[in-house]
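Only one structure is covered here, and it is reproduced in the block below.
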Amino acid sequence: MKQYSLALSFLAALTLSSNILAAEHWPQWRGPLGTGAAPDANPPTTWSESSNLKWKVRIPGDGTSTPLAWDNKVFVQTAVPASDKTETSRQPYQFVLLCLDRATGKPLWQKVAREEVPHEGVRDKDGSFGATSGVTDGQNVYAFFGSRGLYCYTFEGSLVWTQDFGRMRVKNGFGEGTSPALFKDSLVVNWDNEDGSFITALDKNTGKTLWKEKREEATTWSTPLIVEQGGKVQVVTSGSRRIRSYDLATGKLLWECKGLTANVIPSPVADREKVYCMSGFGGSALDAIRLDRTGDLTGTDAIVWTHNQGTPYVPSPLLYQGRLYFYRVNNPRLTCLDTASGKAFFEAEQVEGLGGMVYASPVGAAGRIYLTDRNGTTVVLKQADNLQILATNKLDDHIDASPVAVGNELFLRGRQYLYCLSEKK
């Protein structure tokens, strides 16, 4: 397998079982390494509605969750209106997992996990009831719909088990967005909200609770990161009050430190030694924290470096070949930092061609950086010490979901369509 040694170098940051290193898989919303990087993928650099378009399929309903890809299947979560009512506050929705044929985009099966009227709304036209993403281990797919529950389906669409966590009360009614994390037989769900926050681990085979710990934390939308360091597997969570790490086996708190800004959305990323936690609403915060410590790390040398400007609000960072890439708030201004020192290669630099706002997180593959804005434009950069644009590509859809790079393909999920892009030979 190409670049297999590079994939192994990121083994400590895997959030899934150790066999997930192949180019053809994108098993969770931030990819096979949980970093936004696809070390073996080689997706196209240029495309349009008429070139390098392998297929384009309308997805029923609406969603901003990132698709999952494994072998010949693609899984997409969506929320489909179940009536003709125009008032979204009284509209029942079907919360759906859709399985598509990866070669053709043809729907293979569609399962309605639950139908109900959501107890809370979402933020104007920006939000979606289909914002949470699932995860897969190559045998089952674990579809997560937040307050609508967690569902384990086989790849053939048979329901194995379900788990209900109750109802979130989300700050300002912004809607839900966190996703589960998976490591071997353990599924982790972080349930930060305004009414009884907790973190819990489930047995992926049965859905039974392994442990559950209360959290003194307000609403976050950040997905937990599972990392293995020094023979111990830990779960790192970003928060406004505290950044915390838990022992995956027991739920015991391993370490914690000062928190980030309000409304934490970006998910942490990690390499072999450090985890990088950041947020960007009402201020800027980025901490590079050593993974081999215990206790309260606030004010200690365990926080190797910090960066307090130009950090993202909604998009998560990309960790790719020793560099961190992230936007300034939700703007198409990109920063690239060296992970060892925190020094900037470039900082809050405008990406020409991207307009308006950015919600999708950046993706790295084949020495390139893929940046997608809400208007359906994707700018492809060369990985370099300065900002070098290779191509600017436009599709006829609004895109908030993060790109997916697997094999020679790039999947872009818009508010109406799912695109499979591949260079034609």
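When the test is whether a residue is modelled with pLDDT of 95 or more and surrounded by 15 or more Cβ atoms within 10 Å (Cβ to Cβ), Lys106 does not pass it. Cβ-Cβ contacts under 9 Å between residues 6 or more apart (or on different chains), taken from a first residue in the range 208-234 that is within 11 Å of Tyr246 (Cβ to Cβ) and free of Cβ contacts under 8 Å to residues at least 40 places away in the same chain to a second residue that is assigned to a loop (DSSP other than H, G, I, E, B) and among the charged types (D, E, K, R), are listed as Arg215/Asp192; Arg215/Arg241. Which of the residues spanning the range 137-178 are closer than 16 Å to Leu202 by Cβ, in contact with a helix residue (DSSP H, G or I) (Cβ under 9 Å, 6 or more places away or on another chain) and of a type outside the set (Asp, Glu)? Passing the criteria: Phe165, Gly166, Thr178.
Looking only at the range 376-395, decide whether some residue is closer than 17 Å to Glu349 by Cβ, assigned to a loop (DSSP other than H, G, I, E, B) and among the charged types (D, E, K, R). Yes, that holds for at least one residue.
The lone criterion from (1) in contact (Cβ under 8 Å) with a residue 40 or more places away in the chain; (2) crowded, with 16+ Cβ neighbours inside 10 Å; (3) within 24 Å of Asp373 (Cα to Cα) left unmet by Thr339 is number (3).
Restricting Ser147, Ser65 to residues that are crowded, with 16+ Cβ neighbours inside 10 Å and touching a Ser or Thr at 6+ places or on another chain (Cβ under 8 Å) narrows the list to Ser65. Quick one: how many residues across the range 302-350 are touching a Ser or Thr at 6+ places or on another chain (Cβ under 9 Å), part of a loop (DSSP other than H, G, I, E, B) and over 24 Å from Ser65 (Cβ atoms)? Residues that pass the stated criteria total 6. Among the residues of the range 150-175, the one identified as surrounded by 21 or more Cβ atoms within 10 Å (Cβ to Cβ) and touching a His at 6+ places or on another chain (Cβ under 9 Å) is Met168. For Val170, indicate whether it is touching an Asp or Glu at 6+ places or on another chain (Cβ under 9 Å), aliphatic (A, V, I, L, M) and under 30 Å from Gln110 (Cβ atoms). Yes; evaluated as a whole, the condition is true for this residue. When Ser5 is tested against the conditions (1) modelled with pLDDT under 95; (2) under 23 Å from Lys204 (Cα atoms); (3) of a type in the set (Ser, Thr, Tyr), the lone failure is (2). Given the criteria hydroxyl-bearing (Ser, Thr, Tyr) and more than 23 Å from Ser133 (Cβ to Cβ), does Thr250 qualify? Yes; evaluated as a whole, the condition is true for this residue. A single member of Thr178, Thr200, Thr223 is outside any loop (DSSP other than H, G, I, E, B), in contact with a strand residue (DSSP E or B) (Cβ under 9 Å, 6 or more places away or on another chain), crowded, with 17+ Cβ neighbours inside 10 Å and modelled with pLDDT of 95 or more, and it is Thr200.
Condition check for Ser147 on (1) over 23 Å from Tyr93 (Cβ atoms); (2) not in a loop (DSSP other than H, G, I, E, B): one failure, at (1).
Could you tell me whether any residue of the range 239-257 is in contact with a Gly (Cβ under 8 Å, 6 or more places away or on another chain), among the aliphatic types (A, V, I, L, M) and either over 15 Å from Pro317 (Cβ atoms) or surrounded by fewer than 22 Cβ atoms within 10 Å (Cβ to Cβ) (or both)? Checked against the condition, which is being in contact with a Gly (Cβ under 8 Å, 6 or more places away or on another chain), among the aliphatic types (A, V, I, L, M) and either over 15 Å from Pro317 (Cβ atoms) or surrounded by fewer than 22 Cβ atoms within 10 Å (Cβ to Cβ) (or both), the range 239-257 yields no hits at all. Might you check whether a residue that is within 26 Å of Lys258 (Cβ to Cβ), touching a His at 6+ places or on another chain (Cβ under 8 Å), crowded, with 18+ Cβ neighbours inside 10 Å and at pLDDT 95 or above occurs anywhere in the range 318-334? Taking every residue of the range 318-334 in turn, none turns out to be within 26 Å of Lys258 (Cβ to Cβ), touching a His at 6+ places or on another chain (Cβ under 8 Å), crowded, with 18+ Cβ neighbours inside 10 Å and at pLDDT 95 or above.
Filtering the range 120-141 to residues that are in a strand (DSSP E or B), crowded, with 22+ Cβ neighbours inside 10 Å and either in contact with a Cys (Cβ under 9 Å, 6 or more places away or on another chain) or not hydrophobic (A, V, I, L, M, F, W, C) (or both) leaves Thr136, Val141. Do we have Pro27 as more than 21 Å from Tyr151 (Cβ to Cβ) and at pLDDT 95 or above here? Here the answer is no, as Pro27 does not meet what is asked.
The residues of the range 181-197 that are under 16 Å from Ser240 (Cα atoms) and assigned to a loop (DSSP other than H, G, I, E, B), listed by number, are Asp192, Asn193, Glu194, Asp195, Gly196, Ser197.
The residue that is farthest from His25 (Cα to Cα), among those in the range 60-119 that are in a loop (DSSP other than H, G, I, E, B) and hydroxyl-bearing (Ser, Thr, Tyr), is Thr86. Take the conditions more than 14 Å from Gln416 (Cβ to Cβ), surrounded by fewer than 20 Cβ atoms within 10 Å (Cβ to Cβ), touching a Leu at 6+ places or on another chain (Cβ under 9 Å) and of a type outside the set (A, V, I, L, M) and apply them to Pro92. Does it pass? The answer is no for Pro92.
The values are calculated or read from the model by the stated rules, or taken from the named source; none is laboratory data. The structure presented is a predicted model; accordingly, all values stated were derived computationally and were not measured. Heads up, the Cβs are rebuilt from the backbone with ideal geometry, glycines too, and the neighbour counts pull from every protein chain shown.
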